[in-house]
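J.: Okay, handing you the structure first.
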Amino acid sequence: MTDTDPLIVEQRGPVRWLLLNRPERRNALDVTLIEALDKQITSAEADPGTAVIAVAGRGPSFCAGGDFHQFLELHDRGENPVDFLTDVSACFSRIAASPKPWVAVLHGHAVAGGLELALACDVVVAADTTLIGDGHLKRRLVPAGGSSVRLPGAVGRGLSRWLLLTGELLPATAFAHTGWIQAIVPAADLDATAMRICRQLADRHSPAQQRLKTLLHRIDGIVPEDALREELATFADNWPASSVADALRAFLTPPTTKADTK
């Protein structure tokens, strides 16, 4: 494993840290990153020395969502990215169903797919300056990684509807009242706080904790599994609209300045 791998793994005692490592793209999710994350789910769950899994991001952000460059490459080949997003949704569902606790450690941005990854985790810790939101509608997209299903349970119906229907990003402090984020701290304290919380979870590592985690997921998943399929179907229906690709292309194209036109 090298610094150029899309996912960096650090074992810190009983806590396995998974560091999203595409900083030049704000850790945008692509095929290689999702495949690496999926492999680490299997590895961490099978490792008796791993009690807790923490997922964080290297560089300026936790995760800014799906990689629009990959989306447009698929569009230009006449393909719908729903197959890739089906893998994303399945990966996040594996995290939600994992018998071991997962902790999301947020900074910078946790948007769209980044938010959906955090929502799949059991515990969230965030730097107070983190901008959090669904963001899909800003690019004329709809969710496909679970936010329409998991967000209401995390932050409440009213706030979730606002975030989903506007695409607005809010600072982590705006979520303090929801109980979704376990700790909101200055960025300088984020790593130490996350590690302290991970150790608390690791101290309770036992077959009972794993059985309880599995039970909680079964209770949560009675309705959401059907809802996740509906979410993916809605994305597939929405994607062919030409305005979606135009919105993504405009977002990825640097604005023209006066100097460029001379």
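The values are calculated or read from the model by the stated rules, or taken from the named source; none is laboratory data. Here the structure is a predicted model, which is why all the values come from computation and not from measurement. Positions of Cβ are backbone-derived with ideal geometry, glycine not excepted, and every protein chain shown enters the neighbour counts. Side chains are part of the model used for accessible areas, which takes the heavy atoms of the whole protein and leaves out ligands, DNA and RNA. Shrake-Rupley method; radii C 1.70, N 1.55, O 1.52, S 1.80 Å.
J.: Over the chain, what is the mean sequence separation of C-alpha contacts under 8 Å (at least six apart), divided by residue count, expressed as relative contact order in percent?
T.: 19 percent
J.: Using only the Cα atoms of the range 112-262, each taken as one equal point scatterer with no solvent, compute I(q) by the Debye sum, divide by I(0), and report log10 of the ratio at q = 0.20, 0.21 Å⁻¹.
T.: The Cα Debye sum returns log10 ratios of -1.28, -1.34.
J.: Kindly provide log₁₀ I(q)/I(0) values, in the same order as q = 0.15, 0.22, 0.24 Å⁻¹, from the Debye equation applied to equal alpha-carbon scatterers of the range 185-256.
T.: Results for the range 185-256 at q = 0.15, 0.22, 0.24 Å⁻¹ read -0.85, -0.93, -1.01.
J.: Can you give me the C-alpha center-to-center distance between the range 51-89 and the range 163-224, rounded to a whole angstrom?
T.: The distance from the Cα centre of the range 51-89 to that of the range 163-224 comes to 21 Å.
J.: For the range 87-145, give the magnitude of the charge dipole about the Cα centre (Cβ charges: +1 Lys/Arg, -1 Asp/Glu; no others), in debye to the nearest 20. Walk me through the intermediate numbers first.
T.: Working: 5 positive and 5 negative charges, 36 e Å.
Result for the range 87-145 is approximately 180 debye, rounded to the nearest 20.
J.: Round to the nearest 10 and give me the degree value, 0 to 90, for the angle of helix 242-252's Cα axis relative to the longest principal axis of the chain.
T.: 80 degrees
J.: Once the chain is represented by equal point scatterers at the alpha-carbon sites, with solvent omitted, what log10 I(q)/I(0) does the Debye formula produce at q = 0.07, 0.11 Å⁻¹?
T.: For the requested q values the scattering log ratios are -0.23, -0.58.
J.: I would also like to ask the following. Which of the three applies to the range 36-103, rounded, prolate or oblate, going by the alpha-carbon gyration tensor with a ≥ b ≥ c and a/c under 1.5 meaning rounded?
T.: prolate
J.: Of all the accessible heavy-atom surface of the chain, with the other protein chains kept in place and a 1.4 Å probe, what percent is carbon and sulfur?
T.: That share works out to 55 percent.
J.: Over the range 151-191, what lengths in whole Å, largest first, do the semi-axes of the equivalent ellipsoid take, defined as the square roots of 5 times the eigenvalues of the alpha-carbon gyration tensor? Don't skip to the end; give the middle numbers.
T.: On the way: eigenvalues 94, 28, 9 Å².
Working through the eigenvalues yields semi-axes of 22, 12, 7 Å.
J.: Provide, in order from the shortest bin, the percent of all Cα-Cα pairs of the range 1-156 in each 10 Å bin, continuing until the bin that contains the maximum pair distance.
T.: Values per bin, smallest distances first: 11, 44, 36, 9, 1.
J.: Using the alpha-carbon atoms, what tilt in degrees (0 to 90, nearest 10) does helix 190-203 show relative to the longest principal axis of the chain?
T.: 40 degrees
J.: Starting from the Cα gyration tensor of the range 19-71, take the square roots of the eigenvalues, sort them a ≥ b ≥ c, and report rounded, prolate or oblate (rounded when a/c is under 1.5, otherwise prolate if a/b is larger than b/c, else oblate).
T.: Oblate, because a/c is 1.5 or more while a/b does not exceed b/c.
J.: How much of the calculated P(r) for the range 160-227 lies past 17 Å, in percent of all Cα pairs?
T.: Numbers: 1515 of 2278 pairs.
Roughly 67 percent, once rounded to a whole number.
J.: Here is a further query. Over the chain, what is the percentage of antiparallel beta bridges among all DSSP beta bridges, to the nearest 5? Please report the intermediate quantities before stating the final value.
T.: Working: 8 of 30 bridges.
So the antiparallel bridges in the chain amount to around 25 percent.
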